[in-house]
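Worksheet: one structure, shown below.
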């Protein structure tokens, strides 16, 4: 199990952020009306393999769910591996 990290939702910057020893892991999005495009997930190489991207993704999908937003996951990590492991978020994905 991944060690929990502290995720900040930077609404003005349209991103979810984790501060990591002078670095940042981010999930960036664009919002248009009732749709949110999750377009980039980045974790610095030294911090990969710790489940940080997974936690960022969960925060973004939970935000979309709470706000009743349709999700367009254009980030390949989110549209592929993440949604395969988390089918509970599939109903949020816009067609």
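Tell me which of these residue 38 doesn't satisfy, since it passes every other one: (1) surrounded by fewer than 15 Cβ atoms within 10 Å (Cβ to Cβ); (2) touching a strand residue (DSSP E or B) at 6+ places or on another chain (Cβ under 8 Å). Condition not satisfied by residue 38: (1). Any residue that is in a strand (DSSP E or B), surrounded by 18 or more Cβ atoms within 10 Å (Cβ to Cβ), in contact with a helix residue (DSSP H, G or I) (Cβ under 6 Å, 6 or more places away or on another chain) and on the phi < 0 side of the Ramachandran plot - is there at least one of those in region 43-50? No, region 43-50 has no match at all. Within region 29-45, the set of residues being without any contact (Cβ under 8 Å) to a residue 24 or more places away in the chain and farther than 13 Å from residue 77 by Cβ comprises 30, 32, 33, 45. Here residue 90 meets each of (1) exposed (fewer than 15 other Cβ atoms within 10 Å of the Cβ); (2) in contact with a helix residue (DSSP H, G or I) (Cβ under 7 Å, 6 or more places away or on another chain); (3) in contact (Cβ under 8 Å) with a residue 12 or more places away in the chain with one exception, condition (3).
Answer yes or no as to whether residue 11 is within 18 Å of residue 65 (Cβ to Cβ) and either out of contact with any strand residue (DSSP E or B) (no Cβ under 9 Å at 6 or more places or on another chain) or surrounded by fewer than 15 Cβ atoms within 10 Å (Cβ to Cβ) (or both).
Taking the combined requirement at face value, the residue satisfies it.
Within region 13-28, residues that are within 13 Å of residue 48 (Cβ to Cβ) sit with their Cβ atoms under 6 Å from residues that are in a loop (DSSP other than H, G, I, E, B) and modelled with pLDDT under 95, at 6+ positions apart or across chains, in these pairs: 18/5. Within region 51-78, take every residue that is over 11 Å from the mean Cα position of the chain (by Cα) and not in a loop (DSSP other than H, G, I, E, B) and give me the one that is surrounded by the most Cβ atoms within 10 Å (Cβ to Cβ). Here the residue is 72.
The values are calculated or read from the model by the stated rules, or taken from the named source; none is laboratory data. Fair warning: this is a prediction, and the values are worked out from it, not measured in the lab. Cβ: placed from backbone, ideal geometry, glycine included. Neighbour counts: every protein chain shown.
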